[in-house]
Amino acid sequence: MRRISGWLASALAAASMMASAQTPAVPGQTVPPVRMAPPKAGVCPLPILPALPAMDDASFYAQKDVPHGKVEQVQYKNFAAADKRLHVYLPPGYEQNPTTRYPVLYLNHGGGGDDSKWSATGASGGSAHLILDNLIAAGKAKPMLVVMPSTRGCASATPSAPGKDDACTQEFLKDIIPMIDARYRTRAHRASRALAGLSMGGFVVLHTGMPHLDTFSELYVYSSGHINESTLKQFEDNFAPVLKDPATNDLFRVPYYMAAGETDIALKNGQKVMALFNQNGIRNFWVLSSGGHEWANWRRYLHQTAQIMFPDCGGQ
């Protein structure tokens, strides 16, 4: 007889245990079936995830006759005394409404890029400001600040060590977020901070966002995932306390989000990471799109996710 595969053996053992648990200890005695408690709803109502625009649709990031925000550059010196720069999108009406405070999306570029890529236009840019202008004008997204830092040199595929912040995380916590909260009219609390990133920027989301759900309440990963079994296992081990904690779901105001194209070089990597979230019952959105590892997809993912960010449901 062939040896039973590991998963099948486990399934049979579990079925046997359940059958044993329901077998009356005394002949004629009825034992009620074992029932697992159903999952509970999230802290905010589950949003309806909008459909992605078509792959060849350029209208959602076209420069239209709508109110426009502006993108400005900010120079700063980080905790390691390095001179750094980031781009900031200010939504339409920011300067005309001096008492209004705004949520903030921290949006990360990919490997080989810098802080200018998300606001660049054309085929190899994110057109983030135009996407937000159009969504805000249509009433489909909240007016928000979008902070686009440069993580070149600090973003890494190696998971951050338990209890130790990597260089990117330190820069976010020590420099970027305090500076943005001091310089702009932000809602300076976790309920109004989201973290997103493409490719290498997806590692920033995972390695900075997961251990700091006290700082961010929404995480969005576009076309990313651990490259080999070693770093995947390291991620699983390092973040096991967060993944396994039943209270983690209550820290996500919007379900954790991952997306990749069907021909994306990061597809299988992302699926393996998502499997860990599923195994541990973390509420999530998984989006499989057409296309590959390209701006045509990343613009579409931003357009989709910006519409569900920062729900009006109270709480922190």
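Bear in mind these aren't lab numbers, they're just calculated from the coordinates by the rules spelled out. Model, not experiment: these values are computed from the prediction. Here Cβ is always computed from backbone atoms with ideal geometry, including for glycine, and neighbour counts include all displayed protein chains.
Using label points projected 7 Å from each Cα along Cα→Cβ, tell me how many nm separate Ala137 and Asp56, to one decimal.
2.4 nm
Hey, can you grab everything whose amide H is under 5 Å from the amide H of Gly261? Only 5+ residues off in sequence or another chain; H modelled, so Pro and N-termini drop out.
Result for Gly261 returns Ser289.
What is the fewest-to-most order of His189, His109, His68, His129 by other Cβ atoms lying within 10 Å of their Cβ?
Least to most surrounded, the residues fall as His189, His68, His129, His109.
How large is the dipole of the chain about the Cα centre if only Lys and Arg carry +1 and Asp and Glu carry -1, each at its Cβ, rounded to the nearest 20 debye?
Magnitude of the dipole: close to 500 debye.
With no solvent and one equal point scatterer placed on each C-alpha of the range 16-175, evaluate the Debye formula and give log10 I(q)/I(0) for q = 0.10, 0.15, 0.17 Å⁻¹, two decimals.
The calculated log intensity ratios at q = 0.10, 0.15, 0.17 Å⁻¹ are -0.57, -0.98, -1.17.
Identify the residues of the range 260-283 with backbone N under 15 Å of a label point that sits 7 angstrom from the Cα of Glu229 along the Cα-to-Cβ direction, or state none.
269, 272-273
Output the 0 to 90 degree angle, nearest 10, between the alpha-carbon long axis of helix 267-279 and the longest principal axis computed from the alpha carbons of the chain.
Relative to the chain, helix 267-279 is tipped by roughly 60 degrees.
When the Cα atoms of the range 131-265 are enclosed in a convex hull and the volume is divided per residue, what value in Å³ results?
Convex hull of Cα atoms, per residue: 134 Å³.
Pulled fully out, how much extra length does the chain show between Val71 and Glu95, if you take 0.36 nm times their separation in residues and subtract their Cα-Cα distance? Walk me through the intermediate numbers first.
Numbers: separation 24, 0.36 × 24 = 8.64 nm, distance 1.26 nm.
Result: 7.4 nm gained on full extension.
Can you give the alpha-carbon Rg of the chain over 2.2 N^0.38 Å, where N counts its residues?
1.12
Between the range 212-247 and the range 55-106, how far is it from one alpha carbon centroid to the other, in angstrom?
Their Cα centres are 27 Å away from one another.
At a Förster radius of 30 Å, what calculated FRET efficiency corresponds to the Cβ-Cβ distance of Met179 and Asp312, to the nearest 0.05?
0.65
For the chain, what's the relative contact order in percent, using C-alpha pairs closer than 8 Å and at least 6 residues apart? Show your work: numbers first, answer last.
Working: 564 pairs, mean separation 60.1, N = 316.
Result for the chain is 19 percent.
Using a Förster radius of 30 Å, what is the FRET efficiency between Leu288 and Ala41 based on their Cβ-Cβ separation? Nearest 0.05, please.
Computed FRET efficiency for Leu288 and Ala41 comes out at 0.75.
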